[in-house]
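Peer 1: There's a structure below that I have some questions on.
The values are calculated or read from the model by the stated rules, or taken from the named source; none is laboratory data. None of these values were measured; they are calculated from a predicted model. Neighbour counts are summed over all protein chains in view; Cβ atoms, including those assigned to glycine, are modelled from backbone coordinates with ideal geometry.
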Amino acid sequence: MADRPIRALVAKVGLDGHDRGAKVIARALRDAGMEVIYTGLRQTPEQVVEAALQEDVQVVGLSSLSGAHMQLFPPVVELLRAKGGYDILVIGGGVIPEEDIPYLKEAGITEIFGPGTPTTRIVEYIREHVS
């Protein structure tokens, strides 16, 4: 299965209606040869997890610009683990204060990418960490 492209799901959780960044990331991952599923706006953690499991993804990228990342990102990890998605990498991005990052990482978000992060860095991170 080494030839299989990485499957990634990009999701906008919560009521945040700004999706330009998520679409840029989705396109960058696709252009890097990954299979990308974009869930669209206003997803619940439950919807994200169901889509991730149904689509058999290896990575979930969560985006939030609304400030609700502390309430929305950890439940995605918890639900994935509860449903057997232990091997799915979960990363986050958006406008996330530095002081929130340690908590999010403790909650299972493996990396946070803020505004201005080069898309090549995100692609490299995913390639290095997807098992």
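Peer 1: What tally of residues in region 87-126 results from selecting those that are at pLDDT 95 or above and surrounded by fewer than 14 Cβ atoms within 10 Å (Cβ to Cβ)?
Peer 2: 12
Peer 1: With the structure loaded, tell me whether Met34 is of a type outside the set (Val, Ile, Thr) and in contact with a Leu (Cβ under 8 Å, 6 or more places away or on another chain) or whether it fails that test.
Peer 2: The answer is no for Met34.
Peer 1: If His129 passes every condition in (1) exposed (fewer than 15 other Cβ atoms within 10 Å of the Cβ); (2) touching a residue at least 24 places away in the same chain (Cβ under 8 Å); (3) more than 14 Å from the chain's Cα centre (by Cα) but one, which one does it miss?
Peer 2: Result: His129 passes all but (3).
Peer 1: Identify all residues within region 41-50 that are under 16 Å from Lys83 (Cβ atoms) and surrounded by fewer than 20 Cβ atoms within 10 Å (Cβ to Cβ); write none if there are none.
Peer 2: Matches in region 41-50: Thr44, Glu46, Gln47, Glu50.
Peer 1: Just checking, does region 72-86 include any residue being surrounded by fewer than 15 Cβ atoms within 10 Å (Cβ to Cβ), closer than 15 Å to Gly108 by Cα and of a type in the set (Phe, Trp, Tyr)?
Peer 2: Within region 72-86, one or more residues are surrounded by fewer than 15 Cβ atoms within 10 Å (Cβ to Cβ), closer than 15 Å to Gly108 by Cα and of a type in the set (Phe, Trp, Tyr).
Peer 1: Out of region 1-40, which residues are assigned to a loop (DSSP other than H, G, I, E, B), of a type outside the set (D, E, K, R) and surrounded by 15 or more Cβ atoms within 10 Å (Cβ to Cβ)?
Peer 2: Within region 1-40, Ile6, Gly14, Ala32, Met34, Thr39 qualify.
Peer 1: Here's a follow-up. Take the residues in region 56-101 that are touching a residue at least 40 places away in the same chain (Cβ under 8 Å) and assigned to a loop (DSSP other than H, G, I, E, B), then tell me which one is nearest to Val130 (Cα to Cα).
Peer 2: Checking each candidate, the answer is Gln58.
Peer 1: Identify, by number, the condition in (1) over 17 Å from Gln43 (Cβ atoms); (2) touching a Ser or Thr at 6+ places or on another chain (Cβ under 6 Å) that Gly114 doesn't meet.
Peer 2: All conditions are met except number (2).
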